[in-house]
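No value in this document is a laboratory result; all are computed from the given coordinates. All values reported here derive from a predicted model rather than from experimental measurement. Using ideal geometry, Cβ is built from the backbone for each residue, glycine included, and neighbour counts are taken over all protein chains shown.
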Amino acid sequence: MDEKGIRERLERNYLHCRLILEVLGKPREHVEESLKKYLEAIKKGAGEDFLRAKVVEAKKTEENIQNGVEYYSSFAELEILFKDIQELAIFCFDYMPSSVEIIKPDNLTLRNVDMSNIMNDLQARSHQVDSVVKGLKSENEFLRRNMKNLLKNLILISLKIKSNDIRALSKLSGVREEELQKFLDELVKEKTLKKEGELYTLV
C-alpha cells in the first residue's frame, strides 16, 4: 500500500501500528520456519493492511542456553493497519507480540462499547486458556501416576529376581540415581522394600 492509501485509512480512524513478534526454540531451522508461517498467516489475514516486515535471522545467545541445550531466537518487526482498537486487541490475543507501538493516530477515543467488547474477548479467551490448562494438568497427573506405577513394577520385578543396589536399578530403569533415590526411599518407607547395606530387597 502506498502513502496515499495509508493516509486515507488513517482519516477513517485506522491505527498504524508497529509490532515485534518473537519466536524461541530449537533447532534454528524450526525457529525460522515457525516465524515464516506466522508471517504468512498474518499477511493472509491482514491483506493489504499488512504494510511491511523486517525479519532478523535466528541466533543463539548465552541467555538462551538452558541445561546445556542451545535455544535460538528470531523476531520480526511488523507494520500493520488495524481498523479499530478491538481488531488490534484480537491480533494481540492471537499472536502475542512482545511489543506494540501505535504510531498513528497520536490520540485515541475509546468508546465504552469498544472497551466492553475487548473485555468480553479477553474473558472468553481467558476461560479457553483456563480450560486447556486444567485439561493438561489432569492429563499430566494421569501420565505421572502411570509412569510411577510402571517404575514401581519394573523395580519390583527386578528385585524379585535378585537384590540390587541403586546403580544397577538406575541402569535398568533409565532413571538418574538422584531421582531414583527419592522413589526408593518412598518404597522403603511404605515397607514395600528394605535396604540392607547398599542392596535393596523385597519385604
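Details
- ³J(HN,Hα) computed for each position of segment 178-187 - Karplus, 6.51 cos²θ - 1.76 cosθ + 1.60, integer Hz, glycine/proline x: 5, 7, 5, 4, 4, 5, 5, 4, 5, 5
- Remark: segment 98-111, residue by residue, has Karplus-estimated 3J(HN,Hα) of 7, 8, 9, 10, 8, 6, 9, x, 6, 10, 10, 10, 10, 6 Hz, where x stands for each Gly or Pro and the curve is 6.51 cos²θ - 1.76 cosθ + 1.60 at θ = phi - 60°.
- 18 Å Cα-Cα threshold exceeded, pairs from 26/59; 152/189; 37/137; 26/54; 171/194; 26/60: 37/137; 26/54; 171/194
- In terms of its C-alpha gyration tensor, segment 148-202 comes out rounded, because the ratio a/c of the largest to the smallest axis stays below 1.5.
- Within the shell defined by Cβ-Cβ distances under 15 Å, the residues around residue 193 carry a net charge of +3, with Lys and Arg each +1 and Asp and Glu each -1.
- Cα-based helix-to-principal-axis angle, 28-46 vs the chain, degrees rounded to 10: 40 degrees
- Phi-based couplings in Hz for segment 75-90 (Karplus 6.51, -1.76, 1.60; Gly and Pro marked x): 8, 10, 9, 10, 10, 9, 9, 10, 6, 7, 5, 5, 5, 5, 4, 5
- Net charge of the neighbourhood of residue 156, taken over other residues with C-beta under 14 Å away and scored Lys/Arg +1, Asp/Glu -1, is +4.
- Built amide H within the under 5 Å cut-off of residue 72, gap 5+: 25, 26
- Shape of segment 111-203, Cα gyration tensor, a/c cut at 1.5: prolate
- Taking every DSSP helix (H) stretch of at least 4 residues in the chain, weighting each as -39,500 (n - 2.57) and dividing the sum by the residue count yields a mean residue ellipticity at 222 nm of -18500 deg cm²/dmol.
- For trypsin sites (Lys or Arg not before Pro), the sites in segment 8-62 that DSSP calls loop and that have at most 16 other Cβ atoms within 10 Å are 12.
- For the chain, taking Cα atoms only, Rg and Dmax work out to 27.3, 85 Å respectively.
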